[in-house]
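Report on the structure given below.
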Number of protein chains: 2
Amino acid sequence: MKINANYLSLSESYLFTEIAHRVAAYSKANPDADIIKLGIGDVTRPLAPVVVEAMKAAAAEMGQAQTFHGYGPEQGYGFLRDAVRDYYGSFGVTLQSDEIFISDGAKSDLGNILELFSKDNTVLVPDPVYPVYVDTNVMDGRPVQFMKGTEENGFCPLPKEGVKADLIYLCSPNNPTGAVYTREQLQQWVNYALEQDAVILFDAAYESFIGDASLPHSIFEIPGARRCAIEFCSLSKTAGFTGTRCGYTVVPQELEREGVQLKKFWLRRQTTKFNGTSYVVQRAAQAVFTPEGLKQCRENVRYYKENAQIIAGVLGQLHIFFTGGEHSPYIWMKCPRGMGSWEFFDFLLDKAHVVGTPGAGFGGQGEGFFRLTGFGDREKTKEAARRLLDVLG
Amino acid sequence: MKINANYLSLSESYLFTEIAHRVAAYSKANPDADIIKLGIGDVTRPLAPVVVEAMKAAAAEMGQAQTFHGYGPEQGYGFLRDAVRDYYGSFGVTLQSDEIFISDGAKSDLGNILELFSKDNTVLVPDPVYPVYVDTNVMDGRPVQFMKGTEENGFCPLPKEGVKADLIYLCSPNNPTGAVYTREQLQQWVNYALEQDAVILFDAAYESFIGDASLPHSIFEIPGARRCAIEFCSLSKTAGFTGTRCGYTVVPQELEREGVQLKKFWLRRQTTKFNGTSYVVQRAAQAVFTPEGLKQCRENVRYYKENAQIIAGVLGQLHIFFTGGEHSPYIWMKCPRGMGSWEFFDFLLDKAHVVGTPGAGFGGQGEGFFRLTGFGDREKTKEAARRLLDVLG
């Protein structure tokens, strides 16, 4: 009996534990401090009314023999795959429903997709980054190379001559930096992937925050991407589904490697190790894509973006470098006065009673940067912005 | 770029496709034939009323900011882990809540658990068997050995001298045979696993069909099992959750291999590649474990078991060998008159207009056997039983 020793190479993340610890200690020492949390990466606004109604109606169906649903298709019901297909159509991407796989969320699919690939492939991952891209590859023993996000490239690293990669992670709009790739930049990545015979794993979880028609929502807006990319998306941020759990993954017909259609492999993976997303959740997700559902969900996205704009406005006034805040709930700011990530964390907590997330927690390139988010309450966000201006002005 | 070539070694299962094809062809040629399907492996009765009400109430909570739930704990909410712990207590098994991991179903966990183990381990799998045990190991390139279920051992194979295994799959009550291991038999497996330093992967998905207090619901009723077993269970058959999706996996504190607590590895796997089960589904699952929920769900289980008993009664009258039908929705019968599985399938379809599942579809040892299930409608099951008596009497 041998265990998977790769797990022993995983580094423990103490980021959120350490934040909680420092905040608790500060609160204890300063019981009257009115602390505002702008570190939150989770939605706070409730599900849209049409979504709640769809979920209740589906629950009622499950209680009647005539309308009860047992095992559904592992890849999702046709009604939802068609709704996602039509949603992609709204930004000009033509998909077939059988290229769309419904799941319980992008995090599951981003991890599970790696089963389709050999452990010998090399992986290119942006730094700073959502830690799951790295950890899931470490678990498989796959070598990871980092591409540096910097102030100079606006945290949108581009392909480099001489760097070989088989799997490439891109996330746009990015978590944690909020930076968004342009069409031209993504075209460079697609060209590079095609040259290298690589596959791009494109995380589009924040696409609904894009407010400029010239910026791509999907990698499949880029010519050639259907031959080199898989896209992951989720209703977590689009429709507040972080606790409801529904995502979708697009594997195009044309995507083949070593003579194998990867769509066929993914179908086999999902039919063997997954039994489909809950019927009631799929009905709720379908409601998101109705005209009324999109309208209600977009109001929430607008609310979060306005919060982010309030913070961005202050950073602009202060002439502090930042990315994000416009097509993203995230703001990725340079720590002022040359402070390190944790130093600035302590400074902000002590002087402004505002909590954010030290950029160092997202990778080596995150040192000296700091993440704030628009997922909070409007009045508290305004108050936090005033305090930022106060202590940094 | 290399794909995972192990996927190319998977054998395609044509079982249910071939059944559908033969039934369609027969129906076309015999449009007046009143065909009864006893091949179904899915529940047909609706969710219990308390479960539906809990799901509706949870959906309403999600629509209000004060009661909205975002990301939950990946391993499940405390309220549900505690409910499962108390349920285990009802058959005398003491668990800690943090040994219980809530998921979207046993199929996901049975596949995903393999990530904790080296690809070099050897695997012992019963034959006939739920095909997922074999396929998930083939995907990893892990060598699989079979242990034969036969008429002589009542389809409950026991450990054999000289057979080495690192991972051992047991499923009791069994799918597809309906056979149930006794305490003494499971003790033999636990002793063998401890000797071999192996881990038993125990699939308890059908435990709620056990009607005899002397038969074990859980491997953890057996002394020593906490040092060598992981248990998978599901609400699919217990509470009709095949389309609602909720399961749970128990990894005991004491289970260590190579100095590592496997519970810790599983927690790391789930927190990295899973984002928890839908809040509304977890609230629905909690309702299953209330006194009223258990009462309502057990009425459905009783209904399915009575159906199975009706079929079993006829097979008894006909002196045909079978397993299951008592503590299981499944009946695994020997094909009469020396017929092969598919031969008997055609015979039954043609002579009795009854559809079942050829045993050969579950592995080499299934040839010459046939699966019938109690998941159908009562009146149709009675009519099918009459026809069996007619054509085989």
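The values are calculated or read from the model by the stated rules, or taken from the named source; none is laboratory data. Since the model is a prediction, treat every value here as computed from it, not as a measurement. All Cβ positions, glycine included, derive from the backbone under ideal geometry; neighbour counts span all protein chains shown.
Working only within the stretch B:1-26, note down all residues that are surrounded by 11 or more Cβ atoms within 10 Å (Cβ to Cβ) and under 21 Å from B:PHE375 (Cβ atoms).
Matches in the stretch B:1-26: B:SER13, B:LEU15, B:PHE16, B:GLU18, B:ILE19, B:ALA20, B:ARG22, B:VAL23.
Which ones in the stretch A:203-236 are hydrophobic (A, V, I, L, M, F, W, C) and closer than 22 Å to A:GLY259 by Cα?
A:PHE220, A:ALA225, A:CYS228, A:ALA229, A:ILE230, listed by residue number.
Given the conditions (1) farther than 22 Å from A:ASN174 by Cβ; (2) surrounded by fewer than 17 Cβ atoms within 10 Å (Cβ to Cβ); (3) more than 22 Å from the chain's Cα centre (by Cα), report the number of the one that A:LEU349 does not fulfil.
Among (1) farther than 22 Å from A:ASN174 by Cβ; (2) surrounded by fewer than 17 Cβ atoms within 10 Å (Cβ to Cβ); (3) more than 22 Å from the chain's Cα centre (by Cα), the lone unmet condition for A:LEU349 is (2).
Output the residues belonging to the stretch B:62-80 that are under 14 Å from B:GLN282 (Cα atoms) and either among the acidic types (Asp, Glu) or more than 7 Å from chain A (Cβ to nearest Cβ) (or both).
Within the stretch B:62-80, B:PRO73, B:GLU74, B:GLN75, B:GLY76, B:TYR77, B:GLY78, B:PHE79, B:LEU80 qualify.
Could you please find all residues in the stretch A:41-54 being under 26 Å from A:GLU231 (Cβ atoms) and either surrounded by fewer than 22 Cβ atoms within 10 Å (Cβ to Cβ) or within 7 Å of chain B (Cβ to nearest Cβ) (or both)? Outline the logic, then answer.
First pass over the stretch A:41-54, keeping only residues under 26 Å from A:GLU231 (Cβ atoms): A:41-43, A:45, A:47-48, A:50-51, A:54.
Of everything in the stretch A:41-54, those that are under 26 Å from A:GLU231 (Cβ atoms) and either surrounded by fewer than 22 Cβ atoms within 10 Å (Cβ to Cβ) or within 7 Å of chain B (Cβ to nearest Cβ) (or both) turn out to be A:GLY41, A:ASP42, A:VAL43, A:ARG45, A:LEU47, A:VAL50.
Would you point out which residue out of B:GLN365, B:GLN286, B:GLN270 is touching a strand residue (DSSP E or B) at 6+ places or on another chain (Cβ under 7 Å) and closer than 30 Å to A:ALA284 by Cα? Give the derivation first.
Values: B:GLN365 fails: closer than 30 Å to A:ALA284 by Cα; B:GLN286 fails: touching a strand residue (DSSP E or B) at 6+ places or on another chain (Cβ under 7 Å).
That would be B:GLN270, the only listed residue that is touching a strand residue (DSSP E or B) at 6+ places or on another chain (Cβ under 7 Å) and closer than 30 Å to A:ALA284 by Cα.
Mind counting the residues in the stretch A:1-40 that are of a type outside the set (A, V, I, L, M, F, W, C), more than 9 Å from chain B (Cβ to nearest Cβ) and farther than 17 Å from A:THR136 by Cβ?
Total satisfying the criteria: 14.
What number of residues in the stretch B:266-299 are under 14 Å from B:GLY211 (Cβ atoms) and either within 14 Å of another protein chain (Cβ to nearest Cβ) or not charged (D, E, K, R) (or both)? Reasoning before the result, please.
From the stretch B:266-299, those under 14 Å from B:GLY211 (Cβ atoms) are B:298-299; that's our starting set.
So of that shortlist, the ones also either within 14 Å of another protein chain (Cβ to nearest Cβ) or not charged (D, E, K, R) (or both) come out as B:299.
Going through the stretch B:266-299 one residue at a time, the tally reaches 1.
Does B:ALA308 meet the test of being small (Gly, Ala, Ser), out of contact with any Cys (no Cβ under 6 Å at 6 or more places or on another chain) and not assigned by TED's automatic domain parsing to the domain that holds B:ALA384?
no
Is there a residue in the stretch B:33-53 that is without any contact (Cβ under 8 Å) to a residue 60 or more places away in the chain and not aliphatic (A, V, I, L, M)?
no
How many of the residues in the stretch A:99-120 are more than 9 Å from chain B (Cβ to nearest Cβ) and in a strand (DSSP E or B)?
4
Select from the stretch B:350-393 the residues that are under 23 Å from B:ASN30 (Cα atoms) and of a type in the set (A, V, I, L, M) and list them in ascending order.
B:ALA352, B:VAL354, B:VAL355, B:LEU372, B:ALA384, B:ALA385, B:LEU388, B:LEU389, B:VAL391, B:LEU392
Does B:LEU262 count as more than 8 Å from chain A (Cβ to nearest Cβ) and farther than 23 Å from B:LYS237 by Cα?
Criteria not met by B:LEU262.
Would you say A:TYR169 is away from chain B (no Cβ under 14 Å) and under 21 Å from B:ARG269 (Cα atoms)?
Here the answer is yes, as A:TYR169 does meet what is asked.
Please go through the stretch B:258-289 and pick out each residue that is over 14 Å from B:CYS246 (Cβ atoms) and in a helix (DSSP H, G or I). Break it down stepwise before answering.
First pass over the stretch B:258-289, keeping only residues over 14 Å from B:CYS246 (Cβ atoms): B:258-273, B:275.
Answer for the stretch B:258-289, where residues must be over 14 Å from B:CYS246 (Cβ atoms) and in a helix (DSSP H, G or I): B:LEU262, B:LYS263, B:LYS264, B:PHE265, B:TRP266, B:LEU267, B:ARG268, B:ARG269, B:GLN270, B:THR271, B:THR272, B:LYS273.
Determine whether the stretch B:215-224 contains at least one residue that is buried (at least 23 other Cβ atoms within 10 Å of the Cβ), more than 15 Å from B:PHE91 (Cα to Cα) and either free of Cβ contacts under 8 Å to residues at least 12 places away in the same chain or among the small types (Gly, Ala, Ser) (or both).
No, there is no match, as no residue in the stretch B:215-224 is buried (at least 23 other Cβ atoms within 10 Å of the Cβ), more than 15 Å from B:PHE91 (Cα to Cα) and either free of Cβ contacts under 8 Å to residues at least 12 places away in the same chain or among the small types (Gly, Ala, Ser) (or both).
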